[in-house]
Amino acid sequence: YMFRDPRELVISGYYAATLTHRYTNRETERYREQLREMPFDEGLLDLIYHGERRLRDMATWVDVEDPDVAKFRLEDVSADPAEYVPQMLEHCGVSLSPAELDAVLGDVSRDSLQTKDLAQRKNGNESHYRVKPKSFRDLFKPQHYEAIEELVPGLAGRLGYPD
C-alpha cells in the first residue's frame, strides 16, 4: 500500500482538478468549473470536504498489520527510489537483475514520466506534472488544517507525517 501525506493529496488534487486533468464526465467538469470560480482558499476547503470519503478510506489502512501488505510512503519512494522500489518488488516476489532494475528506475523517474506525458499531449498543453509544486505548508491556512482534522482526526500523524 503506497500512501501520501493526505494534506499533499489535497494540494495535488486541487491542481489536477483545476488545471491539468481533463475529464469527460459532465458532473466532474461542472465541479471543476465551480472550483475554478471560487477563491483559492475556499476552493481548497471545498475540495477537502468533497474528498472526505477518500481521506476516510486512507484512515482504514493506517493500522493494518498484515505480512501480505507492505506500506510505503510516496515521499520516501520518490526521494530514494533505488532504496524503496527493490523493497516493493521483493515484497511482490519480483526479482530483477541490476540492469533491469536500473531500466525500471529510469522508466519511472519523474523526468521520464513527464517527458512521456508531454509527448502524448498536443502542442501548448502542459504536463500534469507541476513544474514548481508547492506544498500544503506553503498553501494551507488554519481552516484547511482544521477541516482535515475534523474529517480524519490525527491521520497525518498516524501515517508518520509531522505537523
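The values are calculated or read from the model by the stated rules, or taken from the named source; none is laboratory data. All of these numbers come straight from a predicted model, not from anything done at the bench. Please note: Cβ atoms are built from the backbone with ideal geometry, for glycine as well, and neighbour counts cover all protein chains shown. With ligands, DNA and RNA removed, areas are computed over all heavy atoms of the protein, side chains included. Shrake-Rupley method; radii C 1.70, N 1.55, O 1.52, S 1.80 Å.
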In the range 1-29, the residues that are modelled with pLDDT under 90, open to solvent by 70 Å² or more (accessible area, probe 1.4 Å) and not polar (S, T, N, Q): Leu19, Arg22, Tyr23, Arg26, Glu27
Sole residue being at pLDDT 95 or above and out of contact with any His (no Cβ under 9 Å at 6 or more places or on another chain), chosen from Pro162, Pro81, Pro142: Pro142
Spans of helices (runs of 4 or more DSSP H) in the range 1-98 with at least 3 residues touching a residue at least 60 places away in the same chain (Cβ under 8 Å), under 24 Å from Pro162 (Cβ atoms) and not hydrophobic (A, V, I, L, M, F, W, C): 6-15
Selection within the range 47-63 - among the acidic types (Asp, Glu) and within 17 Å of Glu146 (Cα to Cα): Glu52
Scan of the range 59-78 for residues that are surrounded by fewer than 10 Cβ atoms within 10 Å (Cβ to Cβ) and under 13 Å from Cys92 (Cα atoms), ordered by number: Pro67, Asp68
Conditions (1) of a type outside the set (Gly, Ala, Ser); (2) assigned to a helix (DSSP H, G or I); (3) over 19 Å from the mean Cα position of the chain (by Cα): number failed by Gln114: (3)
Residue that is surrounded by the fewest Cβ atoms within 10 Å (Cβ to Cβ), among those in the range 99-111 that are of a type in the set (Gly, Ala, Ser) and part of a helix (DSSP H, G or I): Ala99
Filter result for Phe40 (among the aromatic types (Phe, Trp, Tyr), under 17 Å from Phe136 (Cα atoms) and open to solvent by less than 80 Å² (accessible area, probe 1.4 Å)): yes
